[in-house]
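Following: one structure in structure tokens, then a few remarks.
The values are calculated or read from the model by the stated rules, or taken from the named source; none is laboratory data. Only a predicted model underlies this, so the values are computations on that prediction, with no experimental measurement involved. Neighbour counts are summed over all protein chains in view; Cβ atoms, including those assigned to glycine, are modelled from backbone coordinates with ideal geometry.
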Amino acid sequence: MRAEGAQHIANALRTNTTLATLHLIENGIGAKGAQHIADALRTNTTLTTLHLGRNRIGNEGAQNIADALRANATLTTLHLIENRIGAKGAQHIADALRTNATLTTLDLSGNLIGAEGAHHFAGALRTNTTLTTLHLIDNGIGAKGAQHIANALRTNTTLTTLDLSGNLIGAEGAHHFAGALRTNTTLTTLDLGRNRIGDEGAQHIANALRTNTTLTTLHLNENEVGDEIAQRIADALGRNISAKMV
């Protein structure tokens, strides 16, 4: 398809009044194609779900989509996985989330936002009141990025699902999330799989689970947690009637 094909799709979106879901995954539309789609989103009033994964839109394309989010009032679900979006692109999207009041699900998995990008999203989470699901899988945010997101969770009251698997947050990052879990009262699903949190990090999470009463699903897959700490988590789950570990 590439950019030219995206332009044709965009032209159709300007007049179509019935299409609600659009998948354009892995079509090589690039930043230019993203611009065409974004321009159409400014006036389209029916599309609610858009998948643009694996299209190499980069930071420029992310900026185009972010600009559209400031004007669009119908899109609720946006998937931008594996698009070579870095910290700058993350900043554009995060800034748009400060004013966008309709998006509920955002997936930026497999990009390159790093700790800086996580910092931008943390800022957005402090003011955004509609986003309920955020996927930032495999984005290299590390412990510092985890700290930014965790701090935002202390005051955010809308996010219910957060997936940060594969971000190498380590025990330090797990410690930050444990602190957030002690005060957050809305998050129900948290995925910290493949993060090398180890026994130390898992212990922090276990301690937080003793008092948290809202988390219902916790993923700690592939974290090198030993049997003793696993038992402590199980004990904490026994005291927490709402949570389960998968």
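Residues Thr161, Thr130: which one is surrounded by fewer than 19 Cβ atoms within 10 Å (Cβ to Cβ), touching a His at 6+ places or on another chain (Cβ under 9 Å), without any contact (Cβ under 8 Å) to a residue 60 or more places away in the chain and farther than 19 Å from Ile25 by Cβ?
Matching residue, one of Thr161, Thr130: Thr161.
Answer with yes or no whether Gly142 is under 22 Å from Ile229 (Cα atoms), modelled with pLDDT of 95 or more and of a type outside the set (A, V, I, L, M).
Considered against the rule, which asks whether it is under 22 Å from Ile229 (Cα atoms), modelled with pLDDT of 95 or more and of a type outside the set (A, V, I, L, M), Gly142 comes out as no.
Is it the case that Asn111 is surrounded by 22 or more Cβ atoms within 10 Å (Cβ to Cβ) and more than 20 Å from Gly193 (Cα to Cα)?
It is false that Asn111 is surrounded by 22 or more Cβ atoms within 10 Å (Cβ to Cβ) and more than 20 Å from Gly193 (Cα to Cα).
Report those helices (runs of 4 or more DSSP H) wholly inside the stretch 166-246 carrying at least 2 residues which are at pLDDT 95 or above and within 17 Å of Ile141 (Cβ to Cβ).
170-183
Checking the structure you have, find out if any residue of the stretch 82-92 is closer than 12 Å to Leu164 by Cα, out of contact with any strand residue (DSSP E or B) (no Cβ under 9 Å at 6 or more places or on another chain) and surrounded by 23 or more Cβ atoms within 10 Å (Cβ to Cβ).
no
Go through Ala20, Ala40 for me and flag whichever is loosely packed, with under 13 Cβ neighbours inside 10 Å and aliphatic (A, V, I, L, M).
From the options Ala20, Ala40, the qualifying one is Ala20.
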